[in-house]
Amino acid sequence: MTDSPLTRRALIGTAALAGAAAVLPEGLAAPAPPRPAATDGFRIVTSGNGLEAAKAAREALLAGTDPLDAAIAGVNVVELDPADLTVGYGGIPNEEGVVELDAAVMDGRTMKAGAVAALTGVKTPSKVAKLVMERTDRVFLVGAGARRFATAHGFPDEELLTEKTRKIWLYWKNRLSDLDDWIEAAKDAEDPDVKEFVRKYGKGIFRPQGTIHMSVRSASGDLVGVTTTSGLFFKIPGRVGDSPVIGAGLYSENGVGSAGSTGRGEANLLTCGSHTVVEHLRDGLAPEEACLKALRRIAEKTHHVPRHRDAKGRPTFNVQFYCVDAAGRTAGAAIWSGSKYVVGDAAGVRTLDCAYLHERDA
Ligand code: GLY
């Protein structure tokens, strides 16, 4: 769904000024329109888990913070929150119980970007991604190299696995096979953290991937984005999804738009989805249609594996795109109904329903 209340307000304001001018006595100049506050006109668009992040980014923008720093400050809230199992500290680990994080930033003013993947021991990988952009002539650092770069810049090597995610990981590992040495205990399933996890993510599936993306359009029209994730639950060590890949997990270009994604990273990697969304904006599509068209491409092109299609040929997975265009129009869209996104502007922050390709069966 598209959300652009300030655009509506701006139009109402323009109409009111035109009306006032019409009743002015002849020869009297119309008063200069009021100058918008320096912070008016900014937009934030982020994934459904980004309500608190949007609030933090909004506060930062209102305080005059640079838009990329504001976006990073926003996602830092979720990266540092152990209750979010899909991002940063407290994210679900890989199959060996190690939390590997991916993040990227892109600055549409300079067309520069920075990214890290399979980074360990840093709660806020988005900050390291920004340092890669600013303090190297490179774009992407991974694994041990990313870790050494973070250490060089003063990031301590911290444990990212919480007691909660350790128990969840151990439960998953113990249930994997009857043929190995890891034995499931009946009491494991009774643990409240495990029960909550199973209730939310399903006993049989256990392989979702959550993420936070945030795009910001500043009051002066600059476009930036950041995406950060702990990636696929219980992934193969070294697996990297779309989030830190420029063009897949995010893409920002001044004068055109900024977009980013959450959901099944492999599907998005294979279609360079966020870049596709921005190209659709360049071609003149409205943000919602740009997101939906990129999702249609995913649905058509990237689910040739039988388990990735349902009986009607639709993807069994979900992907979401979020975007803001140069004019400040925002949208969120998903393959499947039920996804949310969050928009922030001078009026506040609000959670909205994503547009979608397919309605989930009731
Ligand atoms: N979209 C996040 C991931 O696949 O890792």
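The values are calculated or read from the model by the stated rules, or taken from the named source; none is laboratory data. Source: prediction; values computed, not measured. Using ideal geometry, Cβ is built from the backbone for each residue, glycine included, and neighbour counts are taken over all protein chains shown. Areas reflect the complete protein model, heavy atoms only, side chains present, ligands, DNA and RNA absent. Shrake-Rupley method; radii C 1.70, N 1.55, O 1.52, S 1.80 Å.
For E266, the conditions (1) in contact with a strand residue (DSSP E or B) (Cβ under 6 Å, 6 or more places away or on another chain); (2) assigned to a helix (DSSP H, G or I); (3) near the ligand (Cβ under 9 Å from one of its atoms) all hold with the exception of (1). For segment 304-326, filtered to residues that are more than 15 Å from the ligand (Cβ to nearest atom) and touching a Pro at 6+ places or on another chain (Cβ under 9 Å), the residue that is nearest to G260 (Cα to Cα) is C323.
S258 meets all of the listed conditions (1) buried (at least 19 other Cβ atoms within 10 Å of the Cβ); (2) in a helix (DSSP H, G or I); (3) more than 16 Å from the ligand (Cβ to nearest atom) but one, namely (2). Quick check, is P82 under 30 Å from D345 (Cβ atoms), touching a helix residue (DSSP H, G or I) at 6+ places or on another chain (Cβ under 9 Å) and crowded, with 23+ Cβ neighbours inside 10 Å? So P82 fails the test. Return a yes/no flag: does segment 155-169 have any residue that is over 24 Å from A83 (Cα atoms) and open to solvent by 40 Å² or more (accessible area, probe 1.4 Å). Among the residues of segment 155-169, not one is over 24 Å from A83 (Cα atoms) and open to solvent by 40 Å² or more (accessible area, probe 1.4 Å), which makes the answer no.
The single residue among A56, A104 that is over 24 Å from G255 (Cα atoms), at pLDDT 95 or above and either in contact with a Lys or Arg (Cβ under 7 Å, 6 or more places away or on another chain) or among the small types (G, A, S) (or both) turns out to be A56. V128 meets the conditions (1) touching a residue at least 40 places away in the same chain (Cβ under 8 Å); (2) open to solvent by less than 10 Å² (accessible area, probe 1.4 Å) in every case but one. The failed one is (1). The set of residues from segment 304-356 being open to solvent by less than 50 Å² (accessible area, probe 1.4 Å), of a type outside the set (G, A, S) and over 20 Å from G210 (Cβ atoms) comprises D310, R314, V324, D325, T330, D345. Here segment 60-110 is the region considered, the condition is being assigned to a loop (DSSP other than H, G, I, E, B) and of a type in the set (D, E), and the residue that is nearest to E134 (Cα to Cα) is D66. Looking only at segment 224-249, which residues are part of a strand (DSSP E or B) and within 11 Å of the ligand (Cβ to nearest atom)? Matches in segment 224-249: T227, T228, T229, S230, G231, L232. Scanning segment 173-223 for residues that are within 16 Å of the ligand (Cβ to nearest atom), β-branched (V, I, T) and under 24 Å from L68 (Cα atoms) returns T211, I212. For segment 204-255, a residue qualifies if it is over 17 Å from the mean Cα position of the chain (by Cα) and open to solvent by 20 Å² or more (accessible area, probe 1.4 Å), and the qualifying residues are G204, I205, R207, A219, S220, D222, I236, P237, G238, R239, N254, G255. Inspect all residues belonging to segment 142-158 and state whether any of them is at pLDDT below 95, away from the ligand (no atom under 16 Å from the Cβ) and among the aromatic types (F, W, Y). For segment 142-158, residues at pLDDT below 95, away from the ligand (no atom under 16 Å from the Cβ) and among the aromatic types (F, W, Y): absent. Here D181 qualifies as in a loop (DSSP other than H, G, I, E, B) and over 15 Å from K235 (Cα atoms). If C272 satisfies every condition in (1) without any contact (Cβ under 8 Å) to a residue 12 or more places away in the chain; (2) open to solvent by 60 Å² or more (accessible area, probe 1.4 Å) but one, which is the exception? For C272, the exception is condition (1).
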